[in-house]
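Report on the structure given below.
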Amino acid sequence: MTLGLSYGEYVARLVDGSRLPQPLAERQADRAALLESNDRMATLSTDLVALITLLRQSKVEQARPYRDRLESADAEIRRHLDRASALIDRL
């Protein structure tokens, strides 16, 4: 079954009036996208720690390359949270 449910579970959900899940392929694609987004969040966290460390050491010139990354961090975090909340909502 494309939903990833057994026939019995499928019929039980129909009888109960429960919401059916997305097709299995879509759920797997959503999970893969979320895992990729999690990896980007981990990289962002590492970059922010490096930036803070450099700034604490007053190494402003060495910290400059992180500036663009910091300026786009809020949008990247928002995209991640939107993706995660949409996936949770569909579960």
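Starting from segment 41-66, keep only residues that are in contact (Cβ under 8 Å) with a residue 12 or more places away in the chain, then list their pairs with residues that are open to solvent by 80 Å² or more (accessible area, probe 1.4 Å) and in a helix (DSSP H, G or I) whose Cβ atoms are within a distance under 6 Å, requiring at least 6 positions of separation or different chains.
Leu54/Gln62; Ala63/Leu55
Scan segment 37-91 for residues that are loosely packed, with under 11 Cβ neighbours inside 10 Å, under 18 Å from the mean Cα position of the chain (by Cα) and not polar (S, T, N, Q) and report the count.
8
Determine, yes or no, whether Arg27 is out of contact with any Leu (no Cβ under 6 Å at 6 or more places or on another chain), modelled with pLDDT of 90 or more and either among the charged types (D, E, K, R) or surrounded by 12 or more Cβ atoms within 10 Å (Cβ to Cβ) (or both).
no
Looking at segment 3-26, is at least one residue within 14 Å of the chain's Cα centre (by Cα) and of a type in the set (Gly, Ala, Ser)?
Kept after step one, since they are within 14 Å of the chain's Cα centre (by Cα), are these residues of segment 3-26: none.
No; the residues of segment 3-26 include none that is within 14 Å of the chain's Cα centre (by Cα) and of a type in the set (Gly, Ala, Ser).
The values are calculated or read from the model by the stated rules, or taken from the named source; none is laboratory data. As the structure is a prediction and not an experimental result, all values here were calculated from the model. We place every Cβ from the backbone using ideal geometry, glycine too, and count neighbours over all the protein chains shown. With ligands, DNA and RNA removed, areas are computed over all heavy atoms of the protein, side chains included. Shrake-Rupley method; radii C 1.70, N 1.55, O 1.52, S 1.80 Å.
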